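Notes follow once the structure below has been shown.
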Amino acid sequence: MEKAKQRANGTHILVLPIPAQGHINPMLQFSKRLASKGLRVTLVTISSKTHEPIETQLSMVNIEPIYATYEGADETDLESAIQWLQTILSQNLPDVISKQERNGYPICCLVYDAIMTWALDIAKGLGIAGASFFTQACAVGTVYYNVQQKLLRVPLEEDRVLLPGLPLLEPHDLPSFINHPGSYPSLSKMVVGSFSNITDADWIFCNTFDCLEPEVVSWMRTKWPIRTIGPTLPSMYLEKRLEDDRDYGINLFKPNNDTCIKWLDSKKACTVVYVSFGSVANLGEKQMEELALGLKRSKTSFLWVVRESEIQKLPSNFEEQTSEKGLVVNWCPQLQVLAHRAIGCFMTHCGWNSTLEALSLGVPMVAMPQWTDQLTNAKFVEDEWKVGVRVKVDQGIVTKEEIERCIAQVMEGERGNEIKRNSMRWRELAKEAVDEGGSSDKNIEEFVAALLCK
Ligand code: UDP
């Protein structure tokens, strides 16, 4: 065993996430799983003076920072930020890889975020294997693949869409780039293009688990040898085999840990709705106001994450007026919050990580998707996994009455009980997938074993 580990430690892989919280978290967790099975793993981060990632517990994985500052005119302009990223990484990645070789730890495989298809060319050019890592659901990947192959025409020509492995989807269940073509054109081209050179990748990983998306995973396997490896929560929230793995470990925002947990400690079990729209989504001012009024009307207490860049959209005096029942913070330790006994429901944008986290911790959801894949995830939350309700949108707005109604539906009554029962079942299945011999665990084992044989 020790010998095998020693040999494995000489087998070195480089992991390259997009520097966004929802992309770093799953690839970092995958890195930890690989390291726990004996591989040497180095994760590339982008550091700048204004956005130095805050590292907490990272004993298992080496970090290789690339220092660069995005100097685009507008920080919220995701499209130019991504183009900048491609330039920076294309310039720096070959050096990072050759430096490891000079230090005596040559890289044998580059695991890259699937939307950075050009990273595969860099890997191949340097003679190392390339592994594409999909941070989104297989359902979403399949929709993009069908668009890329022109099997699904955009703009949509029909009002119902039936694709292999997927339930019947209405336009509002499809990723926003498909339903609203023309929004974020280069971002949309990138995600749709994830499949453009997929057959050249040596490995394909997906952050999901087999029984979560059985039909679409089976269908994808008829086309490519995909390996499901999720859910990628820290082990202590799942099967608890990796003792040191209690937290993701890299934060792009500073969480208000003590404030949140102390406040939750003072609440009774299952009485709080946790509200968060992740690290990117921006709510319009009118929507922010309706949400604030909905939370104010609701019987339930709330913990609401409003990022610093969004805080000026809160109605004036909102925090003072609701201080009895609510707490607003800029960022929180989401896993600790979701696992807290006081939380009864999660009002979420249905980012893929947040969705997997709620499923794995058994927290019922109110799905309020904003854009990209969140719309498809919300469809599955409500109709396929039956672990939450999805808000109805009325002329582009979710009203305060609708917010109040959805929270009550998930927290109370027979539908609420059924959702709770389903959530508990998914919690067990998520744990099983990553536990010894589970479907995701086996896929990770096989990857490690194959690298060691080379
Ligand atoms: N998150 C967090 N604190 C917060 C809000 C979010 O730690 O206050 C984490 C959350 O646990 C998740 C990630 O940020 O792992 C967000 O990823 P997701 O895919 O849900 O959404 P995105 O930010 O990519 O839209």
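The values are calculated or read from the model by the stated rules, or taken from the named source; none is laboratory data. What you see is a predicted model, and the numbers here were worked out from it, not measured in a lab. Cβ placement follows ideal geometry from the backbone for every residue including glycine, while neighbour counts extend to all protein chains displayed. To get the accessible areas, we keep the full protein, side chains included, count just its heavy atoms, and leave off ligands, DNA and RNA. Shrake-Rupley method; radii C 1.70, N 1.55, O 1.52, S 1.80 Å.
Taking region 267-290 on its own, how many of its residues are over 25 Å from the mean Cα position of the chain (by Cα) and under 13 Å from residue 343 (Cα atoms)? Full working, then the answer.
Our first condition is that a residue be over 25 Å from the mean Cα position of the chain (by Cα); within region 267-290, this holds for 267-269, 271, 285-286, 289-290.
Restricting the remaining residues to those that are under 13 Å from residue 343 (Cα atoms) gives 267-269, 271.
Of the residues in region 267-290, 4 are over 25 Å from the mean Cα position of the chain (by Cα) and under 13 Å from residue 343 (Cα atoms).
For region 113-142, give me each residue that is of a type in the set (Phe, Trp, Tyr) and open to solvent by 10 Å² or more (accessible area, probe 1.4 Å). First the steps, then the outcome.
Of all residues in region 113-142, those of a type in the set (Phe, Trp, Tyr) come to 118, 133-134.
Residues satisfying the conditions are 118, 134.
Per-residue answers, yes or no, for (1) polar (S, T, N, Q); (2) within 16 Å of the ligand (Cβ to nearest atom); (3) out of contact with any Cys (no Cβ under 9 Å at 6 or more places or on another chain):
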residue	(1), (2), (3)
138	no, yes, no
145	no, no, yes
148	yes, no, yes
153	no, no, yes
157	no, no, yes
161	no, no, yes
164	no, no, yes
175	no, yes, yes
204	no, no, yes
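Give region 311-331 a look and list any residue that's open to solvent by less than 10 Å² (accessible area, probe 1.4 Å) and under 21 Å from the mean Cα position of the chain (by Cα), or say none.
Result: 329, single match.
Looking only at region 220-235, which residues are in a loop (DSSP other than H, G, I, E, B) and either free of Cβ contacts under 8 Å to residues at least 40 places away in the same chain or over 16 Å from residue 131 (Cα atoms) (or both)? Reasoning before the result, please.
Taking region 220-235 and keeping what is in a loop (DSSP other than H, G, I, E, B), we get 224-225, 229-234.
Result: 224, 225, 231, 232, 233, 234.
Quick grid of which residues meet (1) among the polar types (S, T, N, Q); (2) touching a helix residue (DSSP H, G or I) at 6+ places or on another chain (Cβ under 7 Å); (3) at pLDDT 95 or above:
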position	(1), (2), (3)
109	no, yes, yes
118	no, yes, no
160	no, no, yes
171	no, yes, yes
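If you check every pair at least six apart or on different chains, which have Cβ atoms under 6 Å apart with a residue in region 408-430 that is under 15 Å from residue 382 (Cα atoms) first and a residue that is of a type in the set (D, E, K, R) second?
409/415; 422/386
Pairs, please: C-beta under 7 Å, at least 6 apart or cross-chain, first residue touching a residue at least 12 places away in the same chain (Cβ under 8 Å) and in region 156-167, second open to solvent by 90 Å² or more (accessible area, probe 1.4 Å)?
If the second residue must be open to solvent by 90 Å² or more (accessible area, probe 1.4 Å), the pairs left are 165/215.
So residue 293 fits all but one of (1) of a type in the set (A, V, I, L, M, F, W, C); (2) within 23 Å of the chain's Cα centre (by Cα); (3) modelled with pLDDT of 95 or more; what number is the exception?
(2) is the only condition that residue 293 fails.
Given the residues 217, 192, which is the only one that is open to solvent by less than 10 Å² (accessible area, probe 1.4 Å), of a type outside the set (Gly, Ala, Ser) and touching a residue at least 12 places away in the same chain (Cβ under 8 Å)?
On the way: 192 fails: open to solvent by less than 10 Å² (accessible area, probe 1.4 Å).
Exactly one of 217, 192 is open to solvent by less than 10 Å² (accessible area, probe 1.4 Å), of a type outside the set (Gly, Ala, Ser) and touching a residue at least 12 places away in the same chain (Cβ under 8 Å), namely 217.
Please enumerate the residues belonging to region 230-267 that are hydrophobic (A, V, I, L, M, F, W, C) and either open to solvent by 40 Å² or more (accessible area, probe 1.4 Å) or within 16 Å of the ligand (Cβ to nearest atom) (or both).
Of region 230-267, the ones hydrophobic (A, V, I, L, M, F, W, C) are 233, 236, 238, 242, 250, 252-253, 260-261, 263-264.
233, 236, 238, 250, 252, 253, 260, 261, 263, 264 - these are the residues of region 230-267 that are hydrophobic (A, V, I, L, M, F, W, C) and either open to solvent by 40 Å² or more (accessible area, probe 1.4 Å) or within 16 Å of the ligand (Cβ to nearest atom) (or both).
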